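Worksheet: the structure to be examined is printed underneath.
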10 protein chains.
Amino acid sequence: MLYLVHMIVEIPSTMPAEEAARIKAEEKAYSQRLQQEGQWPHLWRVVGEYANYSVFDVESNDALHEALSQLPLFPYMKITVTPLAKHPSSIR
Amino acid sequence: MLYLVHMIVEIPSTMPAEEAARIKAEEKAYSQRLQQEGQWPHLWRVVGEYANYSVFDVESNDALHEALSQLPLFPYMKITVTPLAKHPSSIR
Amino acid sequence: MLYLVHMIVEIPSTMPAEEAARIKAEEKAYSQRLQQEGQWPHLWRVVGEYANYSVFDVESNDALHEALSQLPLFPYMKITVTPLAKHPSSIR
Amino acid sequence: MLYLVHMIVEIPSTMPAEEAARIKAEEKAYSQRLQQEGQWPHLWRVVGEYANYSVFDVESNDALHEALSQLPLFPYMKITVTPLAKHPSSIR
Amino acid sequence: MLYLVHMIVEIPSTMPAEEAARIKAEEKAYSQRLQQEGQWPHLWRVVGEYANYSVFDVESNDALHEALSQLPLFPYMKITVTPLAKHPSSIR
Amino acid sequence: MLYLVHMIVEIPSTMPAEEAARIKAEEKAYSQRLQQEGQWPHLWRVVGEYANYSVFDVESNDALHEALSQLPLFPYMKITVTPLAKHPSSIR
Amino acid sequence: MLYLVHMIVEIPSTMPAEEAARIKAEEKAYSQRLQQEGQWPHLWRVVGEYANYSVFDVESNDALHEALSQLPLFPYMKITVTPLAKHPSSIR
Amino acid sequence: MLYLVHMIVEIPSTMPAEEAARIKAEEKAYSQRLQQEGQWPHLWRVVGEYANYSVFDVESNDALHEALSQLPLFPYMKITVTPLAKHPSSIR
Amino acid sequence: MLYLVHMIVEIPSTMPAEEAARIKAEEKAYSQRLQQEGQWPHLWRVVGEYANYSVFDVESNDALHEALSQLPLFPYMKITVTPLAKHPSSIR
Amino acid sequence: MLYLVHMIVEIPSTMPAEEAARIKAEEKAYSQRLQQEGQWPHLWRVVGEYANYSVFDVESNDALHEALSQLPLFPYMKITVTPLAKHPSSIR
């Protein structure tokens with residue numbers, strides 16, 4: 001099941017640089033694992049912003065919340081979730 | 001080059017049913033042609049809305065405007081375009 | 001799987017009264033069928049508005065869009081869908 | 001009497017982790033007591049957000065404010081309250 | 001129980017003048033009845049707008065919706081309801 | 001002359017508890033004085049929020065600004081003022 | 001007493017040209033009378049919009065609503081009123 | 001003097017096609033005249049929208065309003081004007 | 001040339017009181033100089049807010065930015081500028 | 001390919017003055033290099049704001065994100081990107 005997820009990252013300017021770098025590295029590793037497992041088929045950077053649009057393919061709402069709330073950057077993100085369905089004109 | 005495009009369709013309630021049906025059929029044919037040509041790799045229905053999120057893959061801003069402004073439903077759409085770039089964590 | 005759905009109804013003032021009454025009757029019958037089938041466990045009126053908050057319990061995003069887009073009043077509604085997950089503090 | 005309550009939690013990043021954990025534990029205990037007492041029949045997690053939608057069933061506006069303002073996380077919440085009424089199509 | 005109610009009136013410009021006048025007269029009579037019955041203790045005009053702020057004093061959410069949805073101008077109003085509680089500093 | 005005043009209080013989480021308590025006590029005393037003097041006829045708590053809706057009855061815009069800007073909590077408030085006039089349907 | 005008033009004019013495209021011209025002429029005459037009487041000391045056009053910012057100098061909220069609601073274009077205006085007070089740094 | 005001007009065009013769906021075509025032709029001729037005269041140095045299409053961003057170079061606010069309000073499509077446009085100044089880092 | 005300027009002041013609560021008082025005194029002196037020079041003909045307090053509406057009368061956009069960006073409180077202000085033109089109904 | 005880019009700068013008030021000055025100097029040097037290279041043809045100051053509107057001329061979305069995300073002030077900016085296309089009435 002597909003969801004469009006918009007993530008805006010706002011890391012407090014008071015966070016020490018090393019801590020920010022550590023969390024970002026964990027975030028990259030975590031997201032690449034989910035991508036390899038097929039839960040996170042699309043991850044695009046929004047031009048000009050520290051934000052992304054992603055498409056998740058998971059079993060349920062609960063599975064999606066589990067995946068998102070485990071993101072190391074989750075506490076520093078503003079996330080919006082839009083559930084997607086098959087479009088009648090889509091050829092896929 | 002990728003763009004996320006959000007399209008909200010608002011057909012005036014005063015439009016005769018046959019005219020609406022004709023335009024929708026043209027829209028479907030047009031969109032499926034662009035999908036087959038690879039310009040429109042993703043087309044998803046937003047659950048609960050007469051709207052879609054799409055991803056376009058085209059050569060330039062001008063090419064995208066050309067593709068969108070030729071949509072038969074274009075005069076009845078509220079469209080928002082978000083340019084996308086490669087995300088540093090994406091495995092694609 | 002649960003979704004919170006907010007529906008604001010805006011019937012054009014130009015619609016003849018009988019047509020509006022007919023569609024509303026169809027809407028009531030349709031919604032009560034889905035309620036009896038268990039897809040629509042909660043339906044509440046927003047005080048002071050021609051709007052409702054509902055909770056749907058369906059198999060997937062596609063199932064939800066199917067249920068919503070078949071609403072007789074669908075063309076006259078502004079719908080927002082919020083996917084819900086189990087809350088860690090919920091005793092249910 | 002029913003109310004839909006939307007709670008967005010924003011704990012300051014400067015709060016020490018133990019203090020945050022303590023308040024969250026108190027919050028869980030408090031909310032589960034109200035749920036057992038029947039004042040808080042529904043508590044759902046908004047997918048992707050540190051937020052919930054809840055339904056409260058209380059005697060009056062004052063009773064609702066009493067229940068909400070006693071939430072241990074109240075000082076760190078953005079709360080919106082929507083009074084609900086019986087929907088003419090509801091089969092409950 | 002008190003509620004602050006904000007009502008913005010938008011009568012379609014296509015409505016014949018006599019019909020508008022008739023509905024407004026019915027609205028005035030209806031609102032003055034509720035005021036005399038004590039359900040509508042305050043009714044103020046928002047300066048510069050065809051809108052009002054009112055305070056209703058009714059038994060329940062359902063009673064409020066009943067009172068508001070029976071307003072002759074209800075189909076032409078955008079209504080927002082804010083439930084009120086006793087303020088700890090109020091001397092009333 | 002009447003004004004509807006909406007006050008949202010946001011005390012910085014970094015303020016020491018005693019200082020906050022002191023200011024709140026001053027606020028309560030100040031507001032009760034104005035209420036007794038008849039300048040502040042209505043003060044209601046917005047359910048679920050650290051906010052209030054009030055009605056002020058003062059001589060002029062300047063008098064209202066004087067009253068509001070002297071509120072001990074003024075520096076920590078987001079205030080919106082709506083001038084009110086007599087409603088043609090009001091029986092008061 | 002001073003108020004800043006923002007008026008956005010939206011005349012329905014369905015209104016016959018002569019009727020629109022007549023109302024605009026009445027509006028001009030009415031506004032120039034109030035200006036000569038000193039109630040409307042400032043009237044400025046917002047560049048690029050069929051809108052204006054005005055300053056009114058009147059006795060009370062009720063007087064302002066009387067002046068505004070008598071504007072021939074009142075039914076076709078979105079008006080926002082901001083009450084003004086003397087600024088402590090103003091040399092006037 | 002430079003201004004950034006954002007123009008969103010909304011032609012009513014009820015306008016006959018020939019009338020719309022005539023006004024659009026007048027708009028094109030008018031805008032190209034101003035461009036040739038140097039008042040309108042930049043005119044760009046917003047991708048996916050019946051809207052443009054333009055830069056005007058005119059003597060004064062009044063000159064800008066004169067130029068904009070004479071646009072044949074002016075009655076069907078939502079225009080926002082942002083005055084621009086020389087940027088300290090600009091090499092022009 | 002006239003501009004309406006809306007200034008909302010937000011001084012961080014962490015700024016020492018003396019520093020805030022010093023900047024405010026500089027602001028008052030600076031603004032009164034510009035008023036005496038005729039660049040700042042109107043300065044009004046927005047009732048209930050630490051904000052003002054002003055009218056500036058300056059030669060150009062650049063002159064206005066120069067005047068505003070030199071405000072001692074500039075770093076702590078949210079400023080919105082609306083260029084004004086002569087209104088066809090204004091008697092001034 | 002052209003993009004309109006709106007940049008609002010918000011440097012935290014807690015940042016030491018020297019550090020802010022250093023970053024601003026780096027920003028100026030970086031932006032002037034891109035201007036000289038032709039990637040940044042227009043850079044205008046928004047009157048009254050610590051913000052600019054710019055036009056970028058780059059090969060692709062990715063090139064634009066590269067240019068923007070390398071801005072020394074990038075972490076302290078709110079950036080909005082609007083892709084532009086040739087306008088059918090433009091004489092350029």
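The values are calculated or read from the model by the stated rules, or taken from the named source; none is laboratory data. From a predicted model like this one, the values you see are computed outputs, not experimental measurements. Ideal geometry is used to build each Cβ from the backbone, glycine not excepted, and the neighbour counts take in all protein chains shown. Note: areas computed on protein heavy atoms with side chains; ligands, DNA, RNA excluded. Shrake-Rupley method; radii C 1.70, N 1.55, O 1.52, S 1.80 Å.
The figures follow:
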{"item": "Simple Cβ-charge dipole of the protein assembly as shown, Lys/Arg +1 and Asp/Glu -1, about Cα centre, in debye nearest 20", "result": "0"}
{"item": "Counted charge near D:HIS87, where neighbours are those whose Cβ lies closer than 14 Å (Asp, Glu -1; Lys, Arg +1)", "result": "+1"}
{"item": "Leading residue at positive end of dipole, the range G:2-84 (Cβ point charges), from G:PRO16, G:TRP40, G:HIS6", "result": "G:PRO16"}
{"item": "Chain D - percent relative contact order, Cα under 8 Å, separation 6 or more", "result": "49"}
{"item": "Acute angle (nearest 10 degrees) that the helix H:17-36 long axis makes with the longest principal axis of chain H, alpha-carbon atoms", "result": "20"}
{"item": "Anchor E:LYS86: lysines whose Cα lies under 22 Å away (excluding residues fewer than 8 positions away in-chain)", "result": "D:LYS78, F:LYS24, F:LYS28, F:LYS78"}
{"item": "Residue-normalised accessible area of the range F:2-84, given per residue in Å² at a 1.4 Å probe", "result": "42"}
{"item": "For the axis carrying chain B to chain I: nearest C-beta residue of B, whole Å", "result": "B:THR80, 12"}
{"item": "Sum of side-chain charges, F:TYR50 neighbourhood, beta-carbon under 13 Å (Lys, Arg +1; Asp, Glu -1)", "result": "+1"}
{"item": "Charge tally in the Cβ shell below 14 Å around J:HIS65, where Lys, Arg are +1 and Asp, Glu are -1, J:HIS65 excluded", "result": "-2"}
{"item": "Fraction in percent of alpha-carbon pairs per bin - 20 Å, the protein assembly as shown", "result": "12, 41, 42, 5"}
{"item": "Protection proxy ranking, peptides H:19-31, E:12-24, F:65-77, average beta carbon neighbours within 10 Å, highest first", "result": "F:65-77, H:19-31, E:12-24"}
{"item": "Sum of -39500 (n - 2.57) over DSSP H runs of 4+, divided by residues of chain H (222 nm, nearest 500)", "result": "-10000 deg cm²/dmol"}
{"item": "Heavy-atom accessible surface that C and A bury in contact, both chains counted, 1.4 Å, Å² to 100", "result": "900"}
{"item": "Whole-Å distance, taken between Cα centres, linking the range I:1-45 and the range F:14-92", "result": "26"}
{"item": "Cα-centred dipole magnitude for chain C, charges only on beta-carbon of K, R (+1) and D, E (-1), debye, nearest 20", "result": "320"}
{"item": "Alpha-carbon gyration tensor eigenvalues x 5, square-rooted, for the range C:2-84, Å", "result": "22, 14, 12"}
